[in-house]
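For reference, the structure discussed in these notes is given below.
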Amino acid sequence: STSILSDAGHRMLVNREQSPGGFSLGYYTGTGNRLTAWINTAGAWQSILFSTAMTLNTINCWGIVYDGANISAYLNGVSDATPVAKTGDMGGGTQNVEIGAESTAHGLNWQGLIGEIWVYNRALSAFEILHIYNATKWRYA
């Protein structure tokens, strides 16, 4: 498939490169224009691949939830992938959350606009994800 990005590699939307307690959401070459999310507990990374491909000039609300047992992916308030099992505590950590970049490697900045990033200290329910999408989608219509 053709990449919507003009170069190889990957690009980060949000990233906290820490072990344990790390997380990231980004685009990786070879995924058919789909976003991938990563969660780190106990020094081990686990990913979930969104089912829906990104398209140019389209605004979407992407969401990731980690509840201590599973990683879930949401697109525009609706589940967009089968949850992936992952257990463990993400811990506290001290590393900064990076938006649109990854400081551990150069040239991985997101190529596009980022409207909003929300990071919660608890797992949101599917209802809460849908509510957030419905309450904010007017901003980008």
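The values are calculated or read from the model by the stated rules, or taken from the named source; none is laboratory data. Model, not experiment: these values are computed from the prediction. Positions of Cβ are generated from backbone atoms using ideal geometry, with glycine treated the same way; all protein chains shown enter the neighbour counts. The area values use the complete protein model at the heavy-atom level, side chains included, leaving out ligands, DNA and RNA. Shrake-Rupley method; radii C 1.70, N 1.55, O 1.52, S 1.80 Å.
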Original post:
Taking interchain pairs and intrachain pairs at least six residues apart, which have beta carbon atoms under 6 angstrom, with the first residue in the stretch 112-141 and in contact (Cβ under 8 Å) with a residue 40 or more places away in the chain and the second open to solvent by 60 Å² or more (accessible area, probe 1.4 Å) and assigned to a helix (DSSP H, G or I)?
Top reply: GLY115/TYR140
**OP:** Go through THR94, THR82 for me and flag whichever is more than 14 Å from the chain's Cα centre (by Cα), part of a loop (DSSP other than H, G, I, E, B) and under 28 Å from THR55 (Cβ atoms).
**Re:** THR82
Subject >> Matching residues, the stretch 37-68, being part of a loop (DSSP other than H, G, I, E, B), closer than 15 Å to ALA126 by Cα and open to solvent by 40 Å² or more (accessible area, probe 1.4 Å) >> reply: ASP67
Original post:
Is there a residue being out of contact with any Phe, Trp or Tyr (no Cβ under 8 Å at 6 or more places or on another chain) and within 25 Å of TYR28 (Cα to Cα) anywhere in the stretch 122-129?
Top reply: no
**OP:** Among what's in the stretch 20-36 and is in contact with a Phe, Trp or Tyr (Cβ under 8 Å, 6 or more places away or on another chain) and in a loop (DSSP other than H, G, I, E, B), pick the residue that is surrounded by the fewest Cβ atoms within 10 Å (Cβ to Cβ).
**Re:** ASN33
